[in-house]
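Novice: My structure is below; once you've seen it, I'll send some questions.
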Amino acid sequence: MELILSYFQDLTPLQQQRLGALDQLYQYWNAQINVVSRKNMDALYEQHILHSLAIAKFIQFQKGTTVLDIGTGGGFPGIPLAIMFPEVSFTLTDSIQKKIKVVADIAHQLGLENVSPKAVRSETVKQKFDFVVTRAVAPVNELWKWCGQKFSAHSKHAIANGLICLKGGDLSAELAQAGRPHQLIPLNKYFVQPFFETKSIVYLPA
């Protein structure tokens, strides 16, 4: 938690409590189902929670915003973002039922009423959203096929509604193949830990 607080000094006591509870909750569930790689459970706050919260450095979601998390797995980036933005509605989807069971339980344990977990393939979701977020799920061109028609026409933010991806490694070939306007933000702009030196946000406006 000290790591999170070093980058987000304005957290409310409830936000701090909820983020602090994630360690015990993921330790419990990881003993039943491998939702977080066991070799980096010790790095949960850096490599999963802070990584997810990079999106909160890129954009401050406004009250009433709707966000779809595609391929949320154990709840990343959706759960940390839902803690950070309690007045934003998050739909967390994954096609693997047991992972959504974990997400639903963690959201319940934390009292996150702004999280809607769904065990579905994201492309079957009919609702429109302001933003789609994802972390290391698929190449950008695949993601766009799944979500390109899911964006609300009206934007509440200074940037257009769109897709926000957490990615790693050299993305030049992937972004060239996607062939869409985009913004690439290296995460070492926000965080000094070596883990973030090869990580980026890719933002594609709708």
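Novice: Compute the signed sum of charges (Lys and Arg +1, Asp and Glu -1) over the other residues within less than 15 Å, Cβ to Cβ, of CYS165.
Specialist: +3
Novice: A further question follows. Take the eigenvalues of the Cα gyration tensor for the stretch 1-52, scale each by 5, and report the square roots as semi-axes in whole Å, largest first.
Specialist: Semi-axes (√(5λ), whole Å): 21, 12, 7.
Novice: Taking 2.2 N^0.38 Å as the expected size of a compact globular protein, what ratio does the Cα radius of gyration of the stretch 143-198 give against it, to two decimals? All intermediate terms of the calculation are to be shown ahead of the outcome.
Specialist: Values: Rg = 13.6 Å, N = 56, 2.2 N^0.38 = 10.2 Å.
The value comes to 1.34.
Novice: Past the 25 Å Cα-Cα mark, which pairs from LYS99/LYS128; LYS101/LYS126; LYS39/LYS150?
Specialist: LYS39/LYS150
Novice: For the chain, what does the convex hull of the Cα positions come to per residue, in cubic angstrom?
Specialist: Values: hull volume 23.6 nm³, N = 206.
Normalising the Cα hull of the chain by residue number yields 115 Å³.
Novice: Projecting each Cα onto the charge dipole of the stretch 15-165 (Lys/Arg +1, Asp/Glu -1 at the beta carbon, about the Cα centre), which of CYS165, SER89, GLN127 comes out farthest on the positive side?
Specialist: GLN127
Novice: On the accessible surface of the chain, probed at 1.4 Å, how many percent belong to carbon and sulfur atoms?
Specialist: That share works out to 50 percent.
Novice: From Cα pairs below 8 angstrom and at least 6 apart in sequence, can you work out the relative contact order of the stretch 23-100, rounded to a whole percent?
Specialist: After rounding, I find 29 percent.
Novice: In Å², what does the accessible area per residue of the chain work out to with a 1.4 Å probe? Numbers along the way, then the final one.
Specialist: Details: 9580 Å² over 206 residues.
Normalised by residue count, the accessible surface of the chain is 46 Å².
Novice: OK, next. Just name one of ASN34, ALA54, GLN15: the one whose Cα is farthest towards the positive end of the charge dipole of the stretch 1-56 (beta-carbon charges, Lys/Arg +1, Asp/Glu -1).
Specialist: Among ASN34, ALA54, GLN15, the one farthest towards the positive end of the dipole of the stretch 1-56 is ASN34.
Novice: Also, I was wondering about something else. Kirkwood Rh over Cα pairs of the stretch 87-206 into Stokes-Einstein at 37 °C, 0.692 mPa s: D in µm²/s? Provide the component values of the computation, followed by the final result.
Specialist: On the way: Rh = 15.7 Å.
Value of D from the Cα-based Kirkwood radius: 209 µm²/s.
Novice: Right, next: Restricted to Cα positions, what overall size does the stretch 1-121 have along the principal axes? Three whole-Å values, descending.
Specialist: Each principal axis gives a Cα extent; for the stretch 1-121 these are 34, 31, 23 Å.
The values are calculated or read from the model by the stated rules, or taken from the named source; none is laboratory data. All of these numbers come straight from a predicted model, not from anything done at the bench. Backbone-built Cβ (ideal geometry, glycine too); neighbour counts: all protein chains shown. Calculation scope for accessible area: heavy atoms of the full protein, side chains included, ligands and nucleic acids excluded. Shrake-Rupley method; radii C 1.70, N 1.55, O 1.52, S 1.80 Å.
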